[in-house]
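Engineer: To start, I am sharing the structure in question, which I have written as structure tokens.
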């Protein structure tokens, strides 16, 4: 590192410091390696693209270092800059007297909010799936049979014509899969939405559905070839957004509670029973 000085004004001396030049090639190399690994579980084209990016990033990075390392000059001000802020007050997180550190997030949604949001979202998704079946195949049983055949291809017919008929076994399999998955995602929403408290519908209704729709699109051909050959991706994304919006609204409308890691699971789940918490003698308030 070289420190030099030049005089741009007779009354003022400005110092400069020579530092390594900024480069984005390490990020390109890391992204390429990630795509190479992701292609092992998706497709060969993803690995090919990752290999091309990795080689490009490595070559670009080495050219910034060899045969001579690139540098740039930064101006050093002799005066210490004043730190300013536009905030009038500083928000401080209250710390309980019996704690030496605080858990984040400070407030979360109860588990019951995630359960209700998952159930409400499952109804919204089921209605959109039924509409899709009526529009595309003129049968409400088509999306139900397709969902069951996705995970149990030997449990029923796989031909497109047979998927429009009612099969009791396929119906109960699809209902169990749909409810269990929706409840799990609803619980995930209850834990995820406090991370973006000002825009819960944006996170739950748009960002999250688009992200996992992209993940499903990249791996569905390997996980379930039956669903991959029949799925309509436009309706799939619409149904995911419908689930996310409804579940996000239901969860975000519940009152958030403090983070209670030390309390029993039954109380964190929203259940109430005499003796589970301390009650005063004045009106039964906590």
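Engineer: In this structure, does residue 129 turn out to be over 30 Å from residue 257 (Cα atoms), surrounded by 19 or more Cβ atoms within 10 Å (Cβ to Cβ) and at pLDDT 85 or above? Quick ask: steps written out before the conclusion?
Structural biologist: Values: over 30 Å from residue 257 (Cα atoms): yes; surrounded by 19 or more Cβ atoms within 10 Å (Cβ to Cβ): yes; at pLDDT 85 or above: yes.
It is true that residue 129 is over 30 Å from residue 257 (Cα atoms), surrounded by 19 or more Cβ atoms within 10 Å (Cβ to Cβ) and at pLDDT 85 or above.
Engineer: Please specify each residue of region 39-76 satisfying the condition of being in contact (Cβ under 8 Å) with a residue 24 or more places away in the chain and either part of a loop (DSSP other than H, G, I, E, B) or closer than 30 Å to residue 221 by Cβ (or both).
Structural biologist: 41, 42, 43, 46, 53, 54, 56, 57, 69, 70 - these are the residues of region 39-76 that are in contact (Cβ under 8 Å) with a residue 24 or more places away in the chain and either part of a loop (DSSP other than H, G, I, E, B) or closer than 30 Å to residue 221 by Cβ (or both).
Engineer: Given the options 191, 176, name the one that is surrounded by fewer than 18 Cβ atoms within 10 Å (Cβ to Cβ) and under 24 Å from residue 133 (Cβ atoms).
Structural biologist: Being surrounded by fewer than 18 Cβ atoms within 10 Å (Cβ to Cβ) and under 24 Å from residue 133 (Cβ atoms) holds for just one of 191, 176, which is 176.
Engineer: Still on this model: Residues 248, 221: which one is assigned by TED's automatic domain parsing to the domain that holds residue 143, in contact with a helix residue (DSSP H, G or I) (Cβ under 8 Å, 6 or more places away or on another chain) and surrounded by 14 or more Cβ atoms within 10 Å (Cβ to Cβ)? Break it down into steps so the answer makes sense when it comes.
Structural biologist: On the way: 221 fails: surrounded by 14 or more Cβ atoms within 10 Å (Cβ to Cβ).
Among 248, 221, only 248 is assigned by TED's automatic domain parsing to the domain that holds residue 143, in contact with a helix residue (DSSP H, G or I) (Cβ under 8 Å, 6 or more places away or on another chain) and surrounded by 14 or more Cβ atoms within 10 Å (Cβ to Cβ).
Engineer: Could you say which residue among 209, 200, 194 is within 25 Å of residue 109 (Cα to Cα), touching a strand residue (DSSP E or B) at 6+ places or on another chain (Cβ under 6 Å) and not assigned by TED's automatic domain parsing to the domain that holds residue 45? Before you say what the answer is, go through the steps one by one.
Structural biologist: Details: 209 fails: touching a strand residue (DSSP E or B) at 6+ places or on another chain (Cβ under 6 Å); 200 fails: touching a strand residue (DSSP E or B) at 6+ places or on another chain (Cβ under 6 Å).
Just a single option satisfies the conditions, and that option is 194.
Yes/no per residue for (1) within 23 Å of residue 204 (Cβ to Cβ); (2) out of contact with any strand residue (DSSP E or B) (no Cβ under 9 Å at 6 or more places or on another chain); (3) modelled with pLDDT under 80:
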position: 223; (1), (2), (3): no, yes, yes
position: 234; (1), (2), (3): yes, yes, no
position: 245; (1), (2), (3): yes, yes, no
position: 248; (1), (2), (3): yes, yes, no
position: 254; (1), (2), (3): yes, yes, no
position: 260; (1), (2), (3): yes, no, yes
position: 267; (1), (2), (3): no, yes, yes
position: 278; (1), (2), (3): no, yes, yes
position: 284; (1), (2), (3): no, yes, yes
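Engineer: Could you say which residue among 65, 106, 37 is touching a helix residue (DSSP H, G or I) at 6+ places or on another chain (Cβ under 9 Å) and modelled with pLDDT of 80 or more? Walk me through how you get there before you give the answer.
Structural biologist: On the way: 65 fails: touching a helix residue (DSSP H, G or I) at 6+ places or on another chain (Cβ under 9 Å); 106 fails: modelled with pLDDT of 80 or more.
Going through 65, 106, 37 in turn, the sole match is 37.
Engineer: Yes or no: residue 229 closer than 17 Å to residue 132 by Cβ and surrounded by fewer than 19 Cβ atoms within 10 Å (Cβ to Cβ)?
Structural biologist: On the way: closer than 17 Å to residue 132 by Cβ: yes; surrounded by fewer than 19 Cβ atoms within 10 Å (Cβ to Cβ): yes.
Answer is yes for this residue.
The values are calculated or read from the model by the stated rules, or taken from the named source; none is laboratory data. Worth saying up front: this structure is predicted, and the values here are computed from it rather than measured. With ideal geometry, Cβ positions are generated from the backbone for all residues, glycine too; neighbour counts draw on all protein chains shown.
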